[in-house]
């Protein structure tokens with residue numbers, strides 16, 4: 001007696017099913033910025049003039065590059081990118097306001113930026129900035145401080161920014177390359193403490209000078 005298959009769908013064996021490979025997802029790693037107590041042993045600055053830009057009261061200057069002198073004293077290092085817009089500009093204005101105190105306390109101040117643009121010259125002029133900029137076009141220094149990563153674009157965390165850029169971060173490092181102060185602007189609700197920066201620079205300068213005289 002002939003039987004008929006009354007099922008709507010044809011019969012198949014589960015063994016005939018070919019499993020599709022799982023979709024691969026890129027694992028996103030959160031940034032883990034350098035903090036006080038850490039060392040940044042590979043931190044170096046090139047003497048290539050194309051990497052430097054200096055402003056005094058808004059006008060661009062072309063003074064001598066004393067890289068070794070800069071690294072032989074406490075150094076305030078602050079990361080800036082034009083992609084941060086008004087937040088980045090506010091940070092530059094705050095740094096500009098304390099740069100004389102940094103120098104008087106025995107330190108230096110340097111802004112690390114990811115791009116060399118005409119917009120930076122415009123901002124310097126409009127706000128009478130007297131700051132030194134070092135252009136980290138390949139973001140090598142930003143990666144050494146772990147404030148930038150291709151695997152963790154900042155647009156994943158911050159709204160209103162559509163380009164990957166270093167975090168707005170400020171550090172004080174000793175000549176030994178040890179970090180003695182850090183501030184990361186995670187939420188734009190608070191800024192770095194000018195008093196804490198000056199204290200860190202002053203104390204580091206005292207220690208460095210005592211070592212030289214010992």
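The values are calculated or read from the model by the stated rules, or taken from the named source; none is laboratory data. Model, not experiment: these values are computed from the prediction. As a convention, Cβ positions derive from the backbone with ideal geometry for all residues, glycine included, and neighbour counts pool all protein chains shown.
Values computed for the structure shown
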{"item": "Qualifying residue in the range 179-197 (condition: over 15 Å from residue 80 (Cα atoms), over 12 Å from the mean Cα position of the chain (by Cα), assigned to a loop (DSSP other than H, G, I, E, B) and touching a residue at least 40 places away in the same chain (Cβ under 8 Å))", "result": "no"}
{"item": "The range 139-164 residues that are closer than 18 Å to residue 34 by Cβ, paired with ones that are exposed (fewer than 13 other Cβ atoms within 10 Å of the Cβ) and modelled with pLDDT of 85 or more (beta carbon under 8 Å, 6 or more apart)", "result": "144/42; 146/32"}
{"item": "Selection status of residue 175, at pLDDT 90 or above, touching a helix residue (DSSP H, G or I) at 6+ places or on another chain (Cβ under 9 Å) and assigned to a loop (DSSP other than H, G, I, E, B)", "result": "yes"}
{"item": "Count - residues of the range 92-144 that are over 14 Å from the mean Cα position of the chain (by Cα), closer than 18 Å to residue 173 by Cα and assigned to a helix (DSSP H, G or I)", "result": "8"}
{"item": "Among the residues listed as 75, 70, 89, 65, the single one being at pLDDT 90 or above, crowded, with 16+ Cβ neighbours inside 10 Å, touching a strand residue (DSSP E or B) at 6+ places or on another chain (Cβ under 8 Å) and closer than 30 Å to residue 178 by Cα", "result": "75"}
